[in-house]
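Everything on this sheet refers to the single structure shown next.
The values are calculated or read from the model by the stated rules, or taken from the named source; none is laboratory data. Just so it is clear, the model here is predicted, and its values are computed rather than measured. Note: ideal-geometry Cβ built from the backbone for every residue, glycine included; neighbour counts use all protein chains shown. The protein model used for the area step is the full one, side chains on, heavy atoms only, and it has no ligands, DNA or RNA in it. Shrake-Rupley method; radii C 1.70, N 1.55, O 1.52, S 1.80 Å.
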Amino acid sequence: MRNVDLLVIGGGSAGMAAAIKARQEGVQDILIVEKDDNLGGILNQCIHNGFGLTEFKEELSGPEYLARFVDQVEELQIPYELNTMVIDLTPDKVVTISNKETGVSQIKAKAIVMATGCYERGAGAIQIPGDRCSGIITAGTAQKYLNIYGYMVGKRVVILGSGDIGLIMARRLTLEGAKVICVSEIMPYSNGLNRNIAQCLNDYDIPLYLSRSVSKVIGRDGRLAKVILSAVDEKMQFIPGTEMEIDCDTLILSVGLIPYISLLNYINCPLSSTKGAKVNEYMETMVDGIFTCGNCLHVHDVVDFVTDEGRLAGHGAALYLRKELPSGSVINVKPGEGIGYVVPQTIDSEMKENVTFKFRVRKPVKDMNLIIESNNKVITKMFKPVLIPSEMVMVKFPADKLKEVEGEITLRLEAR
Ligand SMILES: Cc1cc2nc3c(=O)[nH]c(=O)nc-3n(C[C@H](O)[C@H](O)[C@H](O)COP(=O)(O)OP(=O)(O)OC[C@H]3O[C@@H](n4cnc5c(N)ncnc54)[C@H](O)[C@@H]3O)c2cc1C
C-alpha cells in the first residue's frame, strides 16, 4: 500500500485550490487523484465567460480560469493521477483507487480533502408524467455534448428550470442555431443569477414562464414531440385549464444539483441540510482528518468562491498535519428564521482565525436585518436590502466575537 500525507480526491477547482494551498503551507507529500482524463472538473465544459471576476478581477472562460490553477499545480510540482477513481474510503483514511492501466490499489493518507463536485437531478428525480422517449436531457450533459463533443442535442428546445446552467444553455443553443422556445420555472421566482437572466434570456427574447412546469411529455417514434406546460398553485399542484402545448424535440432539465458524496456514506460521515458533510470552520468533516470543499460540500453558483473554499480546506489540512488545529469545545452554528442552511455548522471555541459564514435564504426577501445571535443576545446585526436563494451570502464573523458566544450561534432574518 502506498502512503501519502495529503490525498486530494477530485482535481476540479476545489481540489486544485486545496492542493496548491497545502503545498504553499509546506505540505510536501500531496497526491491529487482525478477520475477524468484531465484536471479542471466541470469547468472544462463551461466555455462561456464570467469566471474569475472575484479571483482575478478579469472575465475569463471556464477553461481559461482552470488553466491558471493547472499551471500552479505544475509549477509547484504537485503530483496528480488522472483516469483514477476513488471507489472506497475508510474512516482511518485508506482509499481504494481504480485505474485502467494500474488496476485496483490502495493508498493510506494522513489527511484527505474530498472535492468530488456535484451531480444533476435528472428526469427520474422529478417524475415527469408521460412517455419515456429520447430528447430529455440534463443541462450539464447537454453542455458536455455540445461543448466537448460538438453534438447538437436538439432543434426546438424547452428548458425546465431557471437555474444558471439552464439559462446558459438557453443562450448557447440559440447561438448554435436551435430555437429555444421558453424556459419554464416551477417557482414564482428564478433560481438563476440576475446577470444570467439578462444576458442569456432577455438579450435573445427567450420567454421565462414562472410558476409553470411540465405536466406531460409526449413522444413520437421514440423521440420527444410535445411538452405540456401547466401553471402550478402555491402547493405546486397543476392548475387544470392552464395547459400550454408546445411542439419541441428536446426538453433540457436544469432542476438542481446535488453534492456527490457517495464516498462519505462509506464512513458514516454526518451530513447537514446542504446534503454535503457537516463541517467545522476549517471544512473538516466530523471524521478526523477528512476535509471537504466545493460543490460536494454545498452547491456553489460562482467558481471563485469554490476556489476560496478549497484553499480553506487545504489550509485546514496543513494545520491538521502539523497538529495545529484548535481543540476547544464545539459550538454549533444553526440556520434560524428565513435561512436555508449555514456552512460551517460548527466552530471551535478556541478558534483564532476569523470565520466566514456562508448561507442561502429560503425565498427572495427585501429590507431584512441579518442577525447573528447566541443565547438570544444579538452579536451582529446587518442590513440586507435584497436576498435571493440563487445567491450564496457570505458574512465574516471575527474570532474576537467568540467571547460574546454562550452556547450555540444562530443566523436569522428579521424584517427591518
Ligand atoms: C454543469 C455545470 C455548469 C456550471 N457552470 C458554471 C458557470 O457557468 N459559472 C460558475 O461560476 N460556476 C458554474 N458551475 C458551478 C461549478 O460547479 C463550480 O463553479 C466549480 O467549478 C465546482 O468545482 P468543484 O471542484 O467543486 O467540482 P467539479 O468541477 O465538479 O470537480 C470535481 C472533480 O472531482 C472528480 N471526481 C468525482 N468523484 C471522484 C472520484 N470518486 N475519484 C476521483 N475523482 C473524482 C470529478 O471528475 C471532477 O473533476 C457549474 C456547475 C455545473 C455542474
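Provide the percentage of antiparallel DSSP beta bridges, counting only those with both residues in the chain; round to the nearest 5.
65
Taking only DSSP H segments of four or more residues, each worth -39500 (n - 2.57), what value at 222 nm results for the chain once the sum is divided by all its residues, to the nearest 500 deg cm²/dmol? Please report the intermediate quantities before stating the final value.
Working: 7 runs with 72 residues, N = 416.
It lands at -5000 deg cm²/dmol.
Between the alpha-carbon centers of the range 173-204 and the range 247-313, tell me the distance in whole angstrom.
26
Cα convex hull of the range 1-154: how many Å³ per residue?
For the range 1-154, the hull spanned by Cα atoms encloses 157 Å³ per residue.
Could you calculate, for the range 276-335, the ratio of the Cα radius of gyration to the Kirkwood radius, expressed as Rg to Rh?
Radius of gyration relative to Kirkwood radius: 0.97.
How high is the relative contact order of the range 69-227, in percent, counting Cα pairs under 8 Å that sit 6 or more residues apart? Don't skip to the answer; put the middle values down first.
Numbers: 216 pairs, mean separation 28.0, N = 159.
Across the range 69-227, relative contact order equals 18 percent.
Using R₀ = 56 Å, calculate the FRET efficiency as 1/(1 + (r/R₀)^6) where r is the Cβ-Cβ separation of K401 and I258; round to 0.05.
For R0 = 56 Å, the calculated efficiency reads 0.95.
Taking only the alpha carbons of the range 148-224, what extent do you get along each of the three principal axes, in Å, biggest first?
Over the range 148-224, Cα extents along the principal axes are 38, 30, 21 Å.
Using a Förster radius of 30 Å, what is the FRET efficiency between E350 and E414 based on their Cβ-Cβ separation? Nearest 0.05, please.
0.50
Give me the lysines in straight-line cross-link reach of K100: C-alpha distance below 22 Å, same-chain residues under 8 apart excluded.
Cross-link targets: K35, K108.
Straight-line reach only, C-alpha to C-alpha below 20 angstrom: list the lysines that K179 could link to, leaving out same-chain residues fewer than 8 apart.
K144, K155, K226
In the range 74-142, which GluC sites (Glu not before Pro) fall in coil by DSSP and have 16 or fewer other Cβ atoms within 10 Å?
When the GluC sites (Glu not before Pro) of the range 74-142 are filtered for loop state and at most 16 Cβ neighbours within 10 Å, E101 remain.
If the convex hull of the alpha-carbon atoms of the range 218-281 is projected onto planes in all directions, what is the mean projected area in square nanometres?
The directionally averaged projection comes out at 8.1 nm².
Quote to one decimal, in nm, the extra length available between D92 and D131 on full extension: 0.36 nm per residue of separation minus the C-alpha distance between them.
Here the answer is 9.3 nm.
Loop only per DSSP, at most 16 neighbouring Cβ atoms within 10 Å: give me the chymotrypsin sites (Phe, Trp or Tyr not before Pro) in the range 1-101, ordered by residue number.
Filter output for the range 1-101: F56.
So which lysines pass the test for K363, namely a Cα distance under 21 Å, with those fewer than 8 places away in the same chain ruled out?
Within the straight-line cut-off, K363 pairs with K235, K275, K334, K381, K384.
State, to one decimal in nm, how far the label point of K377 lies from the label point of L82, with both points 7 Å from Cα in the Cβ direction.
5.6
For the range 229-383, what is the relative contact order in percent, using Cα pairs closer than 8 Å and at least 6 residues apart in sequence? Let's see the in-between values first.
On the way: 204 pairs, mean separation 22.1, N = 155.
Result for the range 229-383 is 14 percent.
List every residue whose amide H lies under 5 Å from the amide H of N191, counting only residues 5 or more places away in sequence or on a different chain, with H placed 1.01 Å from N in the peptide plane.
Those lying under 5 Å, H to H, from N191 are S162, G163.
Mind computing the radius of gyration and Dmax over the alpha-carbon atoms of the chain? Å is fine for both.
Gyration radius and largest Cα-Cα distance of the chain: 22.4, 68 Å.
Note the angle between two axes, namely the Cα long axis of helix 13-24 and the longest principal axis of the Cα atoms of the chain, as a number of degrees from 0 to 90, rounded to the nearest 10.
Value to nearest ten degrees: 20.
Given a 1.4 Å probe, how much area per residue of the chain is accessible, in Å²?
That works out to 45 Å² per residue.
Looking at P385, I372, Y341, which one has the Cα that reaches farthest to the positive end of the dipole of the range 326-416 (charges on Cβ: Lys, Arg +1; Asp, Glu -1)?
Highest projection toward the positive end goes to P385.
If one takes the longest principal axis of the Cα atoms in the chain, at what angle in degrees, from 0 to 90 and to the nearest 10, does the Cα axis of helix 164-175 lie?
50
Looking at the calculated P(r) for the range 88-132, what percent of the C-alpha pair distances fall above 15 Å?
Working: 639 of 990 pairs.
Summing the P(r) of the range 88-132 above 15 Å gives 65 percent of all pairs.
When the accessible area of the chain is split by element with a 1.4 Å probe, what percent falls to carbon and sulfur? It would help to have the intermediate numbers written out before the result.
Values: 9150 of 18660 Å².
Of all accessible area on the chain, carbon and sulfur atoms account for 49 percent.
Using DSSP, restrict attention to beta bridges with both residues in the range 1-155 and report what percent are antiparallel, rounded to the nearest 5.
If we restrict to bridges inside the range 1-155, about 50 percent are antiparallel.
Compute the semi-axes of the equivalent ellipsoid of the range 323-416, taking the square root of 5 times each eigenvalue of the Cα gyration tensor, and list them largest first in whole Å.
The equivalent ellipsoid of the range 323-416 has semi-axes of 24, 14, 11 Å.
Set the Förster radius R0 to 45 Å, insert the Cβ-Cβ distance between S327 and A198 as r into 1/(1 + (r/R0)^6), and round the FRET efficiency to 0.05.
Step by step, r from the Cβ atoms, then E = 0.40.
Size of the dipole of the range 41-130 about the Cα centre, Lys and Arg at +1 and Asp and Glu at -1 on the beta carbon, nothing else charged, in debye to 20?
400
Report the paramagnetic label zone for D36: residues of the range 104-141 whose backbone N is under 17 Å from a point 7 Å from Cα along the Cα-to-Cβ axis.
115-121, 138-141
Within the range 121-215, report the chymotrypsin sites (Phe, Trp or Tyr not before Pro) that DSSP leaves as loop and that have at most 13 other Cβ atoms within 10 Å.
Of the chymotrypsin sites (Phe, Trp or Tyr not before Pro), the ones in loops of the range 121-215 whose Cβ has at most 13 other Cβ atoms within 10 Å are Y151.
When only Cα pairs under 8 Å and 6 or more residues apart are kept, what is the percent relative contact order across the range 8-146?
26 percent.
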